[in-house]
Amino acid sequence: MLTKRYFGVLTKKLEGLDIERHFFLLILINESEVKCTQQYLADKLLIDKVAMVKNLDYLAEKGYIVRETNPKDRRETHVILTVKAKKAMKLIYAAIEKINKEATSGLTKKQQDDFFKAMEVVHTNLSHFPSRKMVLEVKKA
């Protein structure tokens, strides 16, 4: 429920961008320490490659990414942020920072740090269990 609420608030704050809910992909690409491929992104988001291609097609149509074939392996496609996407990243990170500040208001710095550490532990603990792939779809109501 917290994820849905947070994502809804973030999506609302970023309404001015013409990419609806797809900003999370831009964040993943921007923060990746490796060249992003379609398969890498699909694996990170736990979605199939067909769904990933649809998401990337959407971002490409909007001018936020370009795809380049890996010259060393023509089966592989690198996903690269455009100048438009890099400008949008400033707005995205500013919105995230503002929401985080508002969401944690009333908590001390120690409580905030403890919360995020606890979330990391929960994530790590759950990652050891087999699970079904779940899809969280965010659509305007």
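The values are calculated or read from the model by the stated rules, or taken from the named source; none is laboratory data. Predicted, not measured: the structure shown is a model, and the values here were computed from it. Every residue, glycine among them, receives a Cβ derived from its backbone with ideal geometry; neighbour counts consider all protein chains shown. Surface areas here come from the heavy atoms of the whole protein model, side chains and all, with no ligands, DNA or RNA. Shrake-Rupley method; radii C 1.70, N 1.55, O 1.52, S 1.80 Å.
Within region 68-93, being within 19 Å of F7 (Cα to Cα) and loosely packed, with under 12 Cβ neighbours inside 10 Å holds for one residue alone: K90. Residues in region 56-72 that are hydroxyl-bearing (S, T, Y) and within 17 Å of the chain's Cα centre (by Cα) were compared, and the one that is farthest from L14 (Cα to Cα) is Y58. Under the condition of being out of contact with any Leu (no Cβ under 8 Å at 6 or more places or on another chain) and surrounded by 14 or more Cβ atoms within 10 Å (Cβ to Cβ), which residue from region 13-23 is nearest to I92 (Cα to Cα)? Among them, the one singled out is K13.
Conditions (1) open to solvent by 90 Å² or more (accessible area, probe 1.4 Å); (2) in a helix (DSSP H, G or I), marked per residue:
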residue	(1), (2)
R5	yes, yes
G8	no, yes
T11	no, yes
L25	no, yes
V34	no, no
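Could you check, for region 48-59, whether at least one of its residues is open to solvent by 70 Å² or more (accessible area, probe 1.4 Å) and in contact with a strand residue (DSSP E or B) (Cβ under 9 Å, 6 or more places away or on another chain)? No, there is no match, as no residue in region 48-59 is open to solvent by 70 Å² or more (accessible area, probe 1.4 Å) and in contact with a strand residue (DSSP E or B) (Cβ under 9 Å, 6 or more places away or on another chain).
I need every pair where a residue in region 86-105 that is free of Cβ contacts under 8 Å to residues at least 60 places away in the same chain has its Cβ under 6 Å from the Cβ of a residue that is surrounded by 14 or more Cβ atoms within 10 Å (Cβ to Cβ), sequence separation at least 6 or different chains. So the pair list comes out as T104/Q112.
Of the helices (runs of 4 or more DSSP H) entirely within region 42-141, those holding at least 2 residues that are in contact with a Phe, Trp or Tyr (Cβ under 8 Å, 6 or more places away or on another chain) and among the small types (G, A, S) occupy 83-103. Within region 73-119, being within 20 Å of the chain's Cα centre (by Cα), modelled with pLDDT of 95 or more and of a type in the set (S, T, N, Q) holds for one residue alone: T82.
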